[in-house]
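Here the structure comes first, spelled out in structure tokens, and everything after it is commentary.
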Amino acid sequence: MSFTAILRKSASVATPLASRLVRVGQRDYHSVLFSALKRQVNLPRKSPSFVPFLQRYCSAATETPRPSSTESLLRVIESEIKDAQENDDNDRVEEIPKDFPFKIDDNAGQQTVILTREYEGELVKVEVHMPDFVTGEENDVDDDKEQPVQSSIPLVVTVSKKSGTSLQFNCVAYADEITIDSISIGVPETSEDEMAFDGPNFHDLDENLKKGFHKYLEIRGIKASTTNFLHEYMISKDSREYMGWLSNLKQFIEA
């Protein structure tokens with residue numbers, strides 16, 4: 001039998017077979033078509049004439065399926081992970097200064113870092129929140145002061161006595177500056193139904209009293225050198241947590 005006749009015979013077999021494969025799906029049409037054509041034309045598996053012939057019928061019998069929404073989402077997530085790995089400091093580990101007075105409790109997946117230390121019989125606990133970033137855009141301006149807004153870290157500082165009473169300071173740490181927004185007194189006997197007096201607005205206090213409270217925090221370790229390190233530390237943590245969030249999201253979508 002001539003090779004032209006072989007091709008005509010194989011084509012007559014492959015055409016209806018290809019139409020059936022559209023219904024079967026792309027999953028196994030290569031192996032089915034290959035086996036059927038090989039039996040009909042008796043060509044070797046690696047025949048140079050058979051390979052392009054098979055490819056033409058495969059392309060004619062099927063169409064490349066469009067990616068599903070899940071596959072599209074996965075590609076976007078993987079692209080974001082790649083960009084984050086290239087641009088962010090998620091692998092950078094901040095070296096803790098030798099004179100850093102606090103123990104750092106940093107748990108992956110948490111938005112806060114807890115600092116603790118003892119000072120003259122008191123327990124000083126600092127809850128450090130994720131930084132509020134400033135992008136440098138023109139709209140990052142304080143309308144009241146008409147000054148550029150700085151990146152900052154919210155802090156909650158609690159100083160507790162052995163008796164159970166405590167002072168809680170709500171602070172914001174900027175570059176080389178710490179502001180106190182409010183001070184409240186914690187009394188252990190106070191029930192949940194009772195609302196303790198939080199005191200006046202800190203900014204309304206006498207200047208000497210405000211300076212005294214700033215000094216009170218400074219000698220307990222809440223000072224510019226501490227918060228400047230924390231700023232860099234929390235930026236690095238934010239990058240790590242974002243990478244972890246992306247990885248967990250990718251695992252969920254893939255499951």
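If a residue has to be farther than 19 Å from Y233 by Cα and either at pLDDT 90 or above or within 37 Å of the chain's Cα centre (by Cα) (or both) to count, how many in region 170-200 make the cut? Going through region 170-200 one residue at a time, the tally reaches 11.
In region 229-241 there is at least one residue matching the filter, namely being of a type in the set (S, T, N, Q) and surrounded by 15 or more Cβ atoms within 10 Å (Cβ to Cβ). Scanning region 187-198 turns up no residue that is surrounded by fewer than 16 Cβ atoms within 10 Å (Cβ to Cβ), without any contact (Cβ under 8 Å) to a residue 40 or more places away in the chain and assigned to a strand (DSSP E or B). A search for C-beta distances below 9 Å between a residue of region 223-240 that is over 21 Å from Q110 (Cα atoms) and any residue that is at pLDDT below 90 and part of a helix (DSSP H, G or I), counting only pairs 6+ apart in sequence or on different chains, returns nothing.
The values are calculated or read from the model by the stated rules, or taken from the named source; none is laboratory data. Please read these numbers as outputs of a predicted model, since none were measured by experiment. Please note: Cβ atoms are built from the backbone with ideal geometry, for glycine as well, and neighbour counts cover all protein chains shown.
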